[in-house]
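Take a look at the structure set out below.
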Amino acid sequence: MVFCYDRRPIKQKLYQHKYTMACNIDQFLEQNTPNNEPLRGKYMKSFGYHSLMRRMPAVFTEITGLLKAKQFNLANKEEINNVIDQLELLLSEILNNNPLRKIDSTSTLSLIWNQILEKKFNSDSVVTWFDTEWLFTENYLYIRLKEIFEKTKTLQNYDPFKQLKYNAFDESETTMIAIAEFLNFQFSKKELDDTSLKALFIQMLKICLWGNRFDLSLNIGKSKNITEDPLEAIVSLDKYILADHSDEIWNTLNVSIDKNPKIIDIILDNSAYELFTDMCLADFFVTYGFAEVVIFHGKSIPWYVSDVTKPDFEHFLNRLEKQCTSSALQKIGNRWNNYYTAGKFVIECEEFWTLPHCYSAMANEDSELYKKLATSQLLIFKGDLNYRKLIGDINWEPSTTFKDALCRFQPTAVVALRTLKCDCVCGLNSDYETKIDVNDKDNNYLSTTNYWQVNGKYAVVHLSK
């Protein structure tokens, strides 16, 4: 099988075919995404191009490998083979830059997607994988994956990424133990003076921030064995934070707001270690009275490989308390399960998060969700996808303020905690380049954008209110 790949035919090992695919490359442009334009795969020096052309084949390889390795019974072997065939056809659509189509499903989410696609077909003259906004097509990929499994008899609720998420838990357990031991001790000293309380908050915020480095969709399903001392790491990593509103966030938390009950919302990204760090920050809010309830928002279907679903959330809590051998993890797992049972921790998986909309469209597209978020004291958006949707996935000038890039999305105070993994960023000071290592400045990442924008080494902590 031959794919179009950097304008050269390169044989891929993912699947073997009896035919050669034509390469539809006329629309591709050998340049970065223009300033103030949405990211698109057709710009060959953008991370969107790299993602569609290189990462997607590897993601498909992971899914098919897990399907083949899983010990299904004989009755559904034929069905598994059919799923693999459908995955192969979907990948060929992507790499040939074929037109998008409607979703062949009657699920509520699919029907919403089809309404969005109908509007897209009517408004845009070309709607293909590389020509359409990368944010749109990348989200579209995951509803198409869901469609493939929905059409089976025995795999309708199958999460093709579940084992990868479980593996990521295993490989981060040592670091989670270190944090749990620290927190179990800290939270036992409930009375802290203001200086100590702020210092602990900054620690929790930074642990939560750097938990976002571990993203299976960007590491192509390969988790990292996380063994670093997290409390030492956050100090050494401070120099890589290009915009840091931590003090402003602390001040916002300490302003008396007449909202009852006191709620803080965390819009989740990855499961496993990052989810653990999210719960650490949430526990801080509950323990020290900054929130009576923390509402976590996950995905309604398997999404972006490692994103948190409700089954992931509940399995994670159960595993901490009942399956880990560490007494520290068991103790903190028991604590968090009690929060969950008591309604202090809540998981909600609204379908808006699995649609291609930027968040500036939320007030119009899902006014009920917007109104619900407006009752929160603080919205904390985790990770790269949430960040891209917050700022419209636009290649802003880095000096553009976070507030301006939000394009009037402001239901309440908005925080973004994100390690940089694609080429859109905003809210940076004019001296940001002085914080970037020389080796990360080159245009050397597989002939795409500047390496510092995509390698997960740098981060931002933004606040808009």
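The values are calculated or read from the model by the stated rules, or taken from the named source; none is laboratory data. Since the structure is predicted, the reported quantities are computational estimates derived from the model, not experimental observations. When we count neighbours, we look across all protein chains shown, and the Cβ atoms used for this are built from the backbone with ideal geometry, even at glycine. Side chains are part of the model used for accessible areas, which takes the heavy atoms of the whole protein and leaves out ligands, DNA and RNA. Shrake-Rupley method; radii C 1.70, N 1.55, O 1.52, S 1.80 Å.
The residue list LYS13, LYS77 contains one member that is in a helix (DSSP H, G or I), farther than 30 Å from ILE116 by Cα and modelled with pLDDT under 90, which is LYS77.
Being of a type in the set (Phe, Trp, Tyr), outside any helix (DSSP H, G or I), at pLDDT below 95 and under 29 Å from SER300 (Cβ atoms) holds for only one residue in PHE72, PHE60, and it is PHE72.
Looking across region 358-407, the residues that are surrounded by fewer than 20 Cβ atoms within 10 Å (Cβ to Cβ), in contact (Cβ under 8 Å) with a residue 60 or more places away in the chain and within 27 Å of LEU275 (Cα to Cα) come down to THR375, GLN377, LYS403. Note on region 189-212: among residues that are outside any helix (DSSP H, G or I) and over 17 Å from LYS331 (Cβ atoms), the one that is least open to solvent (accessible area, probe 1.4 Å) is LEU192. Going through region 338-354 one residue at a time, which ones are open to solvent by 30 Å² or more (accessible area, probe 1.4 Å) and part of a helix (DSSP H, G or I)? Within region 338-354, ASN338, TYR340, THR341, ALA342, GLU351 meet the criteria.
With a requirement of 1 or more residues that are of a type in the set (S, T, N, Q), closer than 16 Å to ASN98 by Cα and in contact with a helix residue (DSSP H, G or I) (Cβ under 9 Å, 6 or more places away or on another chain), the helices (runs of 4 or more DSSP H) lying completely within region 114-188 that satisfy it span 134-150.
Conditions tested, residue by residue: (1) surrounded by fewer than 18 Cβ atoms within 10 Å (Cβ to Cβ); (2) among the basic types (Lys, Arg); (3) closer than 20 Å to LYS42 by Cα.
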{"site": "LYS120", "(1), (2), (3)": "yes, yes, yes"}
{"site": "VAL126", "(1), (2), (3)": "yes, no, yes"}
{"site": "GLU138", "(1), (2), (3)": "no, no, yes"}
{"site": "LEU141", "(1), (2), (3)": "no, no, yes"}
{"site": "ILE148", "(1), (2), (3)": "no, no, no"}
{"site": "ASN157", "(1), (2), (3)": "yes, no, no"}
{"site": "GLN163", "(1), (2), (3)": "yes, no, no"}
{"site": "PHE169", "(1), (2), (3)": "no, no, no"}
{"site": "ILE179", "(1), (2), (3)": "no, no, no"}
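When LYS68, LYS77 are checked against the criterion of being without any contact (Cβ under 8 Å) to a residue 60 or more places away in the chain, open to solvent by 70 Å² or more (accessible area, probe 1.4 Å) and over 14 Å from PRO160 (Cα atoms), LYS77 stands alone in meeting it.
Can you find a residue in region 444-465 that is open to solvent by less than 10 Å² (accessible area, probe 1.4 Å) and among the aromatic types (Phe, Trp, Tyr)? Yes: one or more hits.
Applying the condition of being assigned to a helix (DSSP H, G or I) and open to solvent by less than 10 Å² (accessible area, probe 1.4 Å) to region 83-100 and asking which residue is farthest from ASP159 (Cα to Cα) yields LEU95.
Within region 264-298, the set of residues being within 30 Å of ASP193 (Cβ to Cβ) and β-branched (Val, Ile, Thr) comprises ILE264, ILE266, THR277, VAL286, THR287, VAL293, VAL294, ILE295.
Within the bounds of region 355-365, is there any residue that is out of contact with any Cys (no Cβ under 6 Å at 6 or more places or on another chain), assigned to a loop (DSSP other than H, G, I, E, B), charged (D, E, K, R) and within 22 Å of ASP269 (Cα to Cα)? Checked against the condition, which is being out of contact with any Cys (no Cβ under 6 Å at 6 or more places or on another chain), assigned to a loop (DSSP other than H, G, I, E, B), charged (D, E, K, R) and within 22 Å of ASP269 (Cα to Cα), region 355-365 yields no hits at all.
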